[in-house]
Amino acid sequence: MKAYLSLITAAALGLAACSGQQSAPAAQEPAATASTPAAAETAPETASEAADNTAATPSCEAVIESNDQMRYDTDTLTISKQCDEFTLVLKHVGQMPKMAMGHNVVITRTADIAAVAKDGQSAGADKEFVKAGDERIVAHTGLIGGGEETRVTFSPSQFGDGDYSFFCSFPGHEGMMRGKVVLTD
Ligand SMILES: [Cu+2]
């Protein structure tokens, strides 16, 4: 039955190809549809260019989710130094209010987490648990509660050598809510 249909298709196409009739029908149909050879050649080139761009361009945005269980959904944040600006989006997918289960993301050297967290907690809820003007902080988001979303945009050129991390500076959260910043070229 299948071979019979193939023969019919080949016949309908006018037996344009003298060779390879067995595998011809599927390959011939697109060529027969495209009336101009130029159009058929342009399409694959455009597709491959798009693929190349996707591969070469780093993502300059990341999304981190947080929840009522005092967790982020990731323990790594990858940032490409090729980005002039990087945008970090923080979502709180829980339901608890900001003053009970608030979350933010603070990016600093791993070695500075404890001190930055302590100073942030001293700064208090009014300051969203971030010490104003703290130069150890590369970037930080606002503090949000359940159902909210916030974002911060910063330049990766601010990173120096060494090991960076991100954490939540809400009191008591930095132990559970932290992860590594992975910088890529
Ligand atoms: Cu938190």
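Taken over the stretch 76-92, the criterion of being closer than 20 Å to G147 by Cα and under 11 Å from the mean Cα position of the chain (by Cα) is satisfied by T87, L88, V89. Scanning the stretch 94-132 for residues that are part of a strand (DSSP E or B) and within 14 Å of the ligand (Cβ to nearest atom), we see that the one that is surrounded by the fewest Cβ atoms within 10 Å (Cβ to Cβ) is V106. Among the residues of the stretch 155-176, those that are within 16 Å of the ligand (Cβ to nearest atom) and assigned to a loop (DSSP other than H, G, I, E, B) comprise C168, S169, F170, P171, G172, H173, E174, G175, M176. Can you name the residue in the stretch 93-102 that is over 20 Å from G124 (Cβ atoms) and of a type outside the set (S, T, N, Q) and is also nearest to the chain's Cα centre (by Cα) among such residues? Among residues in the stretch 93-102 that are over 20 Å from G124 (Cβ atoms) and of a type outside the set (S, T, N, Q), the one nearest to the chain's Cα centre (by Cα) is V93.
Name the residues in the stretch 65-94 that are farther than 25 Å from T184 by Cβ and touching a Phe, Trp or Tyr at 6+ places or on another chain (Cβ under 9 Å), would you? The answer is M70, and nothing else. The sole residue among S66, S59, S80 that is loosely packed, with under 13 Cβ neighbours inside 10 Å and among the small types (G, A, S) is S59.
Coordinate-derived values only; no laboratory data. Treat the numbers as computed from the prediction; the structure is a model and nothing was measured. Every residue, glycine as well, gets a Cβ built from its backbone with ideal geometry; the counts of neighbours run over all protein chains shown.
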